[in-house]
Amino acid sequence: MKRIGVFVCHCGINIAMTVDVKRVAEEAMNMPGVAYAQDYIYMCSEPGQALVREKIKEEELDAVIIAACSPNLHESTFRAAAEEAGLNPWQCEIANIREQCSWVHTNREKATSKAIRIVDTLVQKTILNESLEPIPVSITKKALVIGGGIAGIQAALDIADSGYKIILVEKESSIGGHMAQLSETFPTLDCSQCILTPKMVAAGKHPNIELMTYSEIEEVSGYVGNFNVKIKRKASFVDWSKCNGCGLCMEKCPAKVPSLFDRELATHGAIYVPFPQAVPNKPVIDKDNCIYFKSGKCRLCEKVCEIGAINFEQEDLIVEEEIGAIIVATGFETLPVPNLVEYGAGDVPDVIDGLAFERLLSASGPTVGEVRRPSDGMVPKEIVFVQCAGSRDPERYRPYCSKICCMYTTKHALLYKHRVHDGQPYIFYIDIRTGGKGYEEFYHNAELDEGIIYLRGKVAKIFRDGDKTVVWGTDTLTGRNIEIAADLVVLATAMIPKDSTAELVKKLRIQTGPNGFLSEAHPKLRPVESINSGFYIAGAAQGPKDIPETVAQASAAACKVISLFSRDHLEQDPAIAWVDEDLCGNCRICISVCPYDAREFDEEKGIVIVNEALCEGCGSCVAACACGATQQRNLSDSQIRSMVTASLGGE
Amino acid sequence: MFEPKIVCFLCKWCTSAGADLAGTSRLKYRPNGVNIKFMCSSRVDPEHILWAFHEGADGVLIGGCHPGDCHYEDGNYKTQARVSLLNRLLDDLGIDTRRLRLDWISAAEGSKFANVMNEFTEELRSLGPIKLAAREMAK
Ligand SMILES: Cc1cc2nc3c(=O)[nH]c(=O)nc-3n(C[C@H](O)[C@H](O)[C@H](O)COP(=O)(O)OP(=O)(O)OC[C@H]3O[C@@H](n4cnc5c(N)ncnc54)[C@H](O)[C@@H]3O)c2cc1C
Ligand code: SF4
Ligand code: SF4
Ligand code: FES
């Protein structure tokens, strides 16, 4: 019989508070095969790990079970410790008695009894665990970045600079993301375009970066190191290899389409580039709004394009790429104003959101940087800024803080004052949050020196009265009701994940949290990795954040990819399917259930075999095999049976 | 009060991660289930379920990813098909099919996991223990 050691962690008081850890250790001693059991305050600490290593040697243990937190957190830590002490890593198992026991139960007696059964379940498994060796697999050293905002651009540049090839896929026709829409950026007020465009150009020119804009992910299969990705290159109806970006077609196009880049404060033609500094600077035809596509007549752009780049017959193209690692940097959007009922649901004129205000402030925007309100072009003398529009409101909108709005609203008020000296900005806020280097100072200066009036309280209602947009609110510091007849209202709407992200994560099979932002493998210690190997996350797609944080995260994600690519090969989990030649009845049912074509009929042997490089270890074939010939390593049917029995507290 | 025993077969990628989230969110639920983690819900063999009933389980929960979200393409559809087949057999054995629950619980649905555990415990309480004869037949 194997000699098994059981180590029960207190996790400070996290486990010990609801689970009697000493009793768990005592009970473990009575379990079959358990030769040693002990509890310890922090198993994952160095002394905790040293204890495991020491006891493995002293007690001549063949396997260990650590009863502690979720295996997602420390399985690799303890497997490494076990290996150091001479054990095969697959002889180390984690019993999750924290997330799935002590944290979710209150009755100490019942939680302890459950913890004992959890440990017993793992003891039963461990008795039959085999020692395994990881299966080496090759790595395709080429990365894919999805999303060409500042996060994606930064990650792509970092990876490319280290010498690896990279494909940057962007949905729109140009990279740049939201940062391209911003005027000046807090807290230093440097012009957003001026710091962004050089990076866009660098990404466009880098020999290791292949830009695929106006493209989307169609399908992803495979696994870390060896993904197969199908990318849809949407028809732009312009042959970009011919187009020299002269822009004549755009001048002549008679169609008028609201510019999404300018937050519908301006229009462009049906053939357009979203903004003049676009990379690549090539137009696309918006099929839904093109007069020719709608009515069969026009083709003006074709006539003026001397080099014949316009191609109305162009079709979507699917390209296939072999990829080793994927960074998801799909960014954010903001809660649409029509969703905010008490703020006029988008029906009250001159109520705009922060991004629209950025466009009004931008020197390259629709008003060339003059603040003019949309309804009549008047320069507003009183502006009300409303923070937390849809944020921190769990009942009706989003429960979380969007993090950047306090800062950009102050920035907005400040930039407005710089342009309209006699103007009066008011800011309604719940709290002012200025965590960040130089942020508190930025806010402090604005409040003291610039004559911005901060009103602590929520806005209850916004409505139109004549040519004024009236704001009703309360100042909770003085208890007064406040009414401001404003010329313009700017809502700091909640940052939400890009709507297409939900569909994308289904294709990638990675996780999002309750608010739709991408989930990290560990909230503190693995912030740029997805739980699923080979996927990394960066930028506002992971949660609301500003540019400095976005860039830091993007470089961190790039670094993870570079470190992955620096290895010669990867190691695949060997807990996969295998076939007992003597039992296989050759019914071949397993071939039909395997999602990866990992099973094939071996003519010579006359049985079905498993292709180890392709098997992902889902176990579907094992459940399907009627002869019991197919088993999964370290999760055989007999292991499962004894685990079930143990989980029920039986012998 | 009758405390039903529940065996929970959870896939690693969604439901077990959802159960972890219930923990990190410090949600509270009934302690009647013990989780057994598989890579995918499609590893669950109907025989494991029958074995659980034979060994004293009052209920079995299978937790997998939502349709379309299975980490292994379509494992959860296979699970669903196997569960519907097994339901007929359970009927024959005299085991109420409400004792076998299949739920799609994602990694983001910690609260759903907690609710399912509470609901299932209540339901099994109202159903009472399984008759011994049925347990014997489940083998
Ligand atoms: C009004 C406002 C003012 C701001 N002011 C400041 C400021 O002054 N200072 C500051 O530091 N920060 C500011 N920010 C925050 C800043 O905009 C963000 O931190 C930054 O843009 C995040 O970059 P990102 O690359 O993560 O996301 P994004 O900029 O959103 O870029 C994501 C990119 O991915 C693309 N994409 C999305 N989905 C897909 C898909 N499925 N396939 C392919 N491509 C896809 C998008 O088209 C986009 O190009 C402000 C934000 C707002 C709303
Ligand atoms: S054919 Fe379409 S894109 Fe070309 S000029 Fe006419 S409306 Fe514009
Ligand atoms: S476990 Fe079986 S079904 Fe799953 S990938 Fe491996 S061979 Fe295919
Ligand atoms: S991985 Fe969750 S059901 Fe298949």
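Values for this structure:
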| item | result |
| --- | --- |
| Residue that is nearest to ligand 4 (Cβ to nearest atom) [pool: residues in the stretch A:518-533 that are within 13 Å of another protein chain (Cβ to nearest Cβ) and open to solvent by less than 20 Å² (accessible area, probe 1.4 Å)] | A:N532 |
| Members of the stretch A:83-108 that are surrounded by fewer than 20 Cβ atoms within 10 Å (Cβ to Cβ), part of a helix (DSSP H, G or I) and either touching a Ser or Thr at 6+ places or on another chain (Cβ under 7 Å) or aromatic (F, W, Y) (or both) | A:R108 |
| Selected residue [surrounded by 19 or more Cβ atoms within 10 Å (Cβ to Cβ), more than 16 Å from ligand 3 (Cβ to nearest atom) and at positive phi] from A:G163, A:G177 | A:G177 |
| Among residues of the stretch B:28-58, those that are open to solvent by 20 Å² or more (accessible area, probe 1.4 Å) and within 16 Å of ligand 3 (Cβ to nearest atom), counted | 2 |
| Answer from A:P523, A:P514, A:P425, A:P497 - the residue that is within 24 Å of B:A17 (Cα to Cα) and touching a strand residue (DSSP E or B) at 6+ places or on another chain (Cβ under 9 Å) | A:P497 |
| Only listed residue being in a loop (DSSP other than H, G, I, E, B) and open to solvent by 30 Å² or more (accessible area, probe 1.4 Å), chosen from A:M17, A:M43, A:M31 | A:M17 |
| Selection within the stretch A:224-237 - open to solvent by 10 Å² or more (accessible area, probe 1.4 Å) and either without any contact (Cβ under 8 Å) to a residue 12 or more places away in the chain or closer than 30 Å to A:V561 by Cα (or both) | A:V224, A:N226, A:N228, A:K230, A:K232, A:R233, A:K234 |
| Contacts under 7 angstrom Cβ, first residue in the stretch B:47-74 being on the phi > 0 side of the Ramachandran plot, partner open to solvent by 50 Å² or more (accessible area, probe 1.4 Å) and within 16 Å of ligand 1 (Cβ to nearest atom), 6 or more apart | B:G68/A:K506 |
| Scope the stretch A:434-486; condition open to solvent by less than 80 Å² (accessible area, probe 1.4 Å), closer than 21 Å to A:E342 by Cβ and of a type in the set (S, T, N, Q); matching residues | A:T469, A:T474 |
| Count of residues meeting criterion [open to solvent by 30 Å² or more (accessible area, probe 1.4 Å) and closer than 21 Å to A:P548 by Cα] in the stretch A:198-210 | 4 |
| Test: residue in the stretch A:238-246 that is within 16 Å of ligand 3 (Cβ to nearest atom), surrounded by fewer than 17 Cβ atoms within 10 Å (Cβ to Cβ) and polar (S, T, N, Q) | no |
| Any hit, the stretch A:69-82, residues being within 15 Å of A:R3 (Cβ to Cβ) and surrounded by fewer than 22 Cβ atoms within 10 Å (Cβ to Cβ) | no |
| Residue list for the stretch B:83-106, filter: basic (K, R) and modelled with pLDDT of 95 or more | B:R98, B:R99, B:R101 |
| Residues of the stretch B:18-27 classified as open to solvent by less than 10 Å² (accessible area, probe 1.4 Å) and either at the interface with chain A (Cβ under 7 Å from one of its Cβ atoms) or farther than 20 Å from A:S70 by Cβ (or both), total | 3 |
| Pair list, Cβ < 9 Å and 6+ apart or interchain, from the stretch A:291-306 residues that are over 14 Å from A:C249 (Cα atoms) to residues that are within 16 Å of ligand 1 (Cβ to nearest atom) | A:F293/A:D286 |
| Any hit, the stretch A:585-594, residues being at pLDDT below 90 and either crowded, with 18+ Cβ neighbours inside 10 Å or small (G, A, S) (or both) | yes |
| Top-ranked residue of the stretch B:1-17 - restricted to ones that are more than 7 Å from every other protein chain (Cβ to nearest Cβ) and within 11 Å of the chain's Cα centre (by Cα), ranked as nearest to ligand 3 (Cβ to nearest atom) | B:C11 |
| Breaking point among (1) in contact (Cβ under 8 Å) with a residue 24 or more places away in the chain; (2) part of a strand (DSSP E or B), for A:M200 | (2) |
| Elements of type strands (runs of 3 or more DSSP E) contained in the stretch A:260-372, each with 3 or more residues being surrounded by fewer than 20 Cβ atoms within 10 Å (Cβ to Cβ) | A:317-323 |
| Candidate set from the stretch A:180-191 (those that are of a type in the set (S, T, N, Q) and either assigned to a loop (DSSP other than H, G, I, E, B) or near ligand 1 (Cβ under 6 Å from one of its atoms) (or both)); member that is most open to solvent (accessible area, probe 1.4 Å) | A:T188 |
| Residues located in the stretch A:611-630, provided they are away from every other protein chain (no Cβ under 11 Å) and either in contact (Cβ under 8 Å) with a residue 60 or more places away in the chain or open to solvent by 30 Å² or more (accessible area, probe 1.4 Å) (or both) | A:N611, A:E612, A:A613, A:L614, A:C627 |
| Selection status of A:V490, touching a residue at least 60 places away in the same chain (Cβ under 8 Å), under 23 Å from A:E370 (Cβ atoms) and of a type in the set (A, V, I, L, M) | yes |
| Strands (runs of 3 or more DSSP E) completely within the stretch A:483-579 that count 1 or more residues being away from ligand 1 (no atom under 11 Å from the Cβ) and of a type in the set (G, A, S) | A:577-579 |
| Residue that is farthest from ligand 1 (Cβ to nearest atom) [pool: residues in the stretch A:582-596 that are closer than 25 Å to B:G64 by Cα and more than 11 Å from every other protein chain (Cβ to nearest Cβ)] | A:I589 |
| Search result, residues across the stretch A:109-140 that are more than 18 Å from A:V64 (Cβ to Cβ), open to solvent by 30 Å² or more (accessible area, probe 1.4 Å) and touching a Leu at 6+ places or on another chain (Cβ under 9 Å) | A:R117, A:P134, A:P136, A:S138 |
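Results for (1) facing chain A (nearest Cβ under 10 Å); (2) under 29 Å from A:N72 (Cβ atoms); (3) touching a His at 6+ places or on another chain (Cβ under 9 Å), shown as yes or no for each residue.
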residue: B:V34; (1), (2), (3): yes, yes, no
residue: B:S41; (1), (2), (3): yes, yes, no
residue: B:G63; (1), (2), (3): no, yes, no
residue: B:Y72; (1), (2), (3): yes, yes, no
residue: B:P129; (1), (2), (3): no, no, no
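Yes/no per residue for (1) within 22 Å of A:K165 (Cα to Cα); (2) more than 14 Å from chain B (Cβ to nearest Cβ); (3) in contact with a Ser or Thr (Cβ under 6 Å, 6 or more places away or on another chain):
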{"position": "A:F535", "(1), (2), (3)": "yes, no, no"}
{"position": "A:K545", "(1), (2), (3)": "no, yes, no"}
{"position": "A:P548", "(1), (2), (3)": "no, yes, no"}
{"position": "A:V551", "(1), (2), (3)": "yes, yes, no"}
{"position": "A:S555", "(1), (2), (3)": "yes, yes, no"}
{"position": "A:C559", "(1), (2), (3)": "yes, yes, no"}
{"position": "A:S563", "(1), (2), (3)": "yes, yes, no"}
{"position": "A:R567", "(1), (2), (3)": "yes, yes, no"}
{"position": "A:L570", "(1), (2), (3)": "yes, yes, no"}
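The values are calculated or read from the model by the stated rules, or taken from the named source; none is laboratory data. The structure presented is a predicted model; accordingly, all values stated were derived computationally and were not measured. We place every Cβ from the backbone using ideal geometry, glycine too, and count neighbours over all the protein chains shown. For accessibility, only protein heavy atoms count, side chains too; no ligands or nucleic acids. Shrake-Rupley method; radii C 1.70, N 1.55, O 1.52, S 1.80 Å.
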